[in-house]
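Colleague: Below is a structure I'd like to ask you about.
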Amino acid sequence: FPVTIAVIDESEGYGIFVWIPLTDCNSSTGALSVLLGSHLFGNYIRAQHIPWSFRNHIEVLKQNMIQVPAVPGDLICFDTSLIHGSGINHSNEIRVAACGALLPKNHKKIEYKSEGKQLYKYEIQNEYWLDGGNPDNLLSYPKIEVENNFPNPITKRQLKSLINDTHNKQSFL
């Protein structure tokens, strides 16, 4: 349910996801949910080929997320590092939304992958994602070794501390 992957090097810049409901999105149809302040956690290295730091605490995340009900014509924009997801559609209606990203003009698209104990950042092109994000295709892209200073996996205590710290700052409002 909650997800977030990096699209650009967020230590150098940020992007904005744009979520546009084409049908009613509410608690019955599975509204978008977000974890307020999670874009401030500093978890810059996220990828489909690296286990997610928060994977052991999905229930804690869900308990702290808020729903963002929306109707056709709404436009929801949020930082690409914000933890977000859509709930289960309990209705008989199809829930449809369009998604996109606004990225800095001269951005470089990236993907991360671990190889043993080493972590690499790849500078990729659109074709990588259009081809399904196959990790074998990363071999054709330039890479550099990077360090991940964010805990992976994060402990429940660390997660609760991050949530409390960001909510106390209220700098996400």
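Colleague: Do any of 113/156; 105/143; 113/160; 108/160; 121/156; 62/105 go past 29 Å between their Cα atoms, and which?
Modeller: Too far apart for the 29 Å limit: 108/160; 62/105.
Colleague: From the protein chains alone at 1.4 Å, what is the descending order of accessible area for 46, 95, largest first?
Modeller: Result, largest first: 95, 46.
Colleague: Just to check, using Stokes-Einstein with a Kirkwood Rh over alpha carbon pairs, what's the diffusion coefficient of region 38-136 at 20 °C and 1.002 mPa s in µm²/s?
Modeller: Roughly 129 µm²/s, to the nearest whole number.
Colleague: Over region 21-90, how many percent of alpha carbon pairs lie in each 5 Å bin up to the one with the longest distance?
Modeller: Going out from 0 Å in 5 Å bins, region 21-90 shows 3, 15, 23, 24, 17, 12, 5, 0 percent.
Colleague: By its C-alpha gyration tensor, with a ≥ b ≥ c as the square roots of the eigenvalues, how is the chain shaped: rounded for a/c under 1.5, else prolate for a/b larger than b/c, else oblate?
Modeller: Oblate is the answer for the chain, as a/c is 1.5 or above yet b/c matches or exceeds a/b.
Colleague: If you don't mind, another one. Compute, for residue 77, the solvent-accessible surface of its heavy atoms (probe 1.4 Å) with the complete set of protein chains present, and express it in square angstrom to the nearest 10.
Modeller: Roll a 1.4 Å probe over it and residue 77 shows about 80 Å².
Colleague: Accessible area of residue 163, 1.4 Å probe, to the nearest 10 Å²?
Modeller: Solvent-accessible area, nearest 10 Å²: 10 Å².
The values are calculated or read from the model by the stated rules, or taken from the named source; none is laboratory data. Keep in mind that this is a model prediction, so the values were computed, not measured. We work out accessible area using only protein heavy atoms, side chains counted, and drop any ligands, DNA or RNA first. Shrake-Rupley method; radii C 1.70, N 1.55, O 1.52, S 1.80 Å.
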